[in-house]
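Accompanying notes for the structure given below.
The values are calculated or read from the model by the stated rules, or taken from the named source; none is laboratory data. If you're wondering where the values come from, they're calculated on a predicted model, not measured in any experiment. Every residue, glycine among them, receives a Cβ derived from its backbone with ideal geometry; neighbour counts consider all protein chains shown. The protein model used for the area step is the full one, side chains on, heavy atoms only, and it has no ligands, DNA or RNA in it. Shrake-Rupley method; radii C 1.70, N 1.55, O 1.52, S 1.80 Å.
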Amino acid sequence: SLPIYISTHTNHLVQKIYFGTPGSGKSWTIKQQYEQDESKVFRTTFHPDTDYASFVGCYKPVKDEVDEKKIVYEFVPQSFTDAYVSAWSDLEQPYYLIIEEINRGNCAQIFGDLFQLLDRNKDGYSEYPIKADHDLKDYLVEHLPEDSECIRDGKLCLPPNLGIIASMNTSDQSLFPMDSAFKRRWSWEYVPIDYENAESGAFEITIEGESYNWHKFLKKVNDKIKSVTSSEDKQMGNFFIKSS
């Protein structure tokens, strides 16, 4: 039987999206909570051109290892597949797939049928395994035991020790709207603007020769943005700028 994984870093079954205004510290929060061991972290950033192949992998031309003048085609894994293989190879340790700017890509296109794997059962495994396409299956069979749960009967199943963590800027939420079926498979955590942060509170900005404290300036600008737009989505976070 496979071990049941309970995270020592956060709640069981980590599948979370951190959201907030640009510069509020979403990536910093993720780094502090999940990136203690970089060898167990796999990162990617979504953008409008990201697709299934650039998330999972596909066949690409590469130089032949024996004859460098010869080009051969082989399956080149991407972040999802790398994280999947590593997590299944070491079920006693936590692994994390981190997706920055998740809403800047078309999630329905990028995840494809992997979307179904996001439903987890009480033990942390995918509730509904999916059939792997031929190319991916061949790669996984080569790198993992064929009779293991990870590729049994040619099907994919997320293990309980693989957390998927994402960041999302609320100001970009209209780029590729997420449907409710996708959203409900994640837990959500709001990262607020921290006007009390000591580091960003020491920033000074200069406008037309006049020096201003960044936090005081930011608070007034954000109040104005909120009054004009009736929304917090377009506001700026305390780390929207960095010290020189």
To the nearest 20 debye, the chain has a Cα-centred charge dipole, built from +1 on Lys and Arg Cβ and -1 on Asp and Glu Cβ, of 920
Charges only on Cβ, +1 for Lys and Arg, -1 for Asp and Glu: so what's the dipole of segment 67-147 about the Cα centre, in debye to the nearest 20?
-> 280
Which whole-number value in Å² is the accessible area per residue of the chain, probe 1.4 Å?
-> 55
Between Glu92 and Leu144, what length comes free when the chain is fully extended (0.36 nm per residue of separation minus the Cα-Cα distance, one decimal in nm)?
-> 17.1 nm
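Determine the share of the chain's accessible area contributed by carbon and sulfur atoms, expressed in whole percent, with a 1.4 angstrom probe.
Accessible surface attributable to carbon and sulfur in the chain totals 49 percent.
Within the chain, what is the longest stretch that has no GluC sites (Glu not before Pro) placed in a DSSP loop and near at most 12 other beta-carbon atoms within 10 Å?
Value returned for the longest uninterrupted segment is 93-195.
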On the formula 1/(1 + (r/R0)^6), with r taken between the Cβ atoms of Lys224 and Phe182 and R0 of 30 Å, the FRET efficiency rounded to 0.05 is 0.35
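Of all DSSP beta bridges in segment 1-155, what percent run antiparallel (nearest 5)?
In segment 1-155, DSSP labels about 65 percent of beta bridges as antiparallel.
Which FRET efficiency, nearest 0.05, do Lys69 and Arg152 yield, Cβ-Cβ r, R0 35 Å?
0.30
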Within segment 203-228, which residues have the backbone N less than 18 Å from the label spot 7 Å out from Tyr190 along Cα→beta-carbon, could you tell me?
-> 219, 222-228
Helix-only [θ]222 nm of the chain, DSSP H runs n ≥ 4, -39500 (n - 2.57) each, per residue, nearest 500 = -7000 deg cm²/dmol
Tell me which lysines have Cα within less than 18 Å of Lys60's Cα, excluding those fewer than 8 residues away on the same chain?
-> Lys69, Lys70, Lys137
Compute the length gained on full extension between Glu38 and His134: take 0.36 nm times their separation in residues and subtract their Cα-Cα distance, giving the result in nm to one decimal.
-> 31.5 nm
Protection proxy ranking, peptides 212-220, 234-242, average beta carbon neighbours within 10 Å, highest first | 234-242, 212-220
Probe 1.4 Å - accessible area at Thr45, Å² to nearest ten | 70
